[in-house]
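The values are calculated or read from the model by the stated rules, or taken from the named source; none is laboratory data. Since the structure is predicted, the reported quantities are computational estimates derived from the model, not experimental observations. Cβ placement follows ideal geometry from the backbone for every residue including glycine, while neighbour counts extend to all protein chains displayed. Each accessible area value is taken on the protein alone, full model and side chains, heavy atoms only, with ligands, DNA and RNA left out. Shrake-Rupley method; radii C 1.70, N 1.55, O 1.52, S 1.80 Å.
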Amino acid sequence: MSRAQLELHIDFARCDGRGLCTELLPELLVRDDWGYPVGRGGRDVRVPEPLATAAQDAVDLCPLQALMLRRVTRA
Ligand code: SF4
């Protein structure tokens with residue numbers, strides 16, 4: 001059975017690593033040694049439904065449009 005999962009994608013070609021999103025989504029993101037956001041659980045940042053609104057806020061507030069929310073379907 002497949003299930004849609006909300007994921008946060010970070011476009012590192014746009015991101016400047018100032019870390020606003022890590023302040024908005026500390027449950028999901030931390031900063032690496034250079035200040036860039038990385039998922040607490042690894043490269044794929046899965047967004048639990050209770051954090052969907054906060055994740056959308058982070059997308060909307062990213063000054064460089066470097067964040068994107070998308071639904072992915074996994075088997
Ligand atoms: S808010 Fe946007 S530009 Fe700033 S660190 Fe996060 S992804 Fe990068």
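Summing Lys, Arg as +1 and Asp, Glu as -1, what charge do residues with Cβ under 15 Å from the Cβ of Leu28 carry, Leu28 excluded?
-2
Remind me, relative contact order of the range 3-74 in percent, using alpha carbon pairs under 8 angstrom and six or more residues apart?
49 percent
Grab the DSSP H runs of the chain that are 4 residues or longer, score each as -39,500 (n - 2.57), total them, divide by all residues and round the 222 nm result to the nearest 500 deg cm²/dmol.
Result for the chain, helices only: -5000 deg cm²/dmol.
Can you give the Rg to Rh ratio of the chain, both from alpha-carbon atoms, with Rh computed by the Kirkwood formula?
0.96
Give the accessible surface of the chain per residue, rounded to a whole number of Å², with probe radius 1.4 Å and ligands, DNA and RNA excluded.
Here the residues of the chain average 68 Å² of exposed surface.
Please give the FRET efficiency for Arg70 paired with Arg3, using the beta carbon to beta carbon distance and R0 = 22 Å, rounded to the nearest 0.05.
0.95
Charges only on Cβ, +1 for Lys and Arg, -1 for Asp and Glu: so what's the dipole of the chain about the Cα centre, in debye to the nearest 20?
320 debye
Considering only the other residues whose Cβ falls under 15 Å of the Cβ of Arg18, what net charge follows from Lys and Arg at +1 and Asp and Glu at -1?
Here the charged neighbours net out to -3.
Report in % the part of the accessible area of the range 3-74 that belongs to carbon and sulfur, leaving out ligands and nucleic acids; probe 1.4 Å.
49 percent
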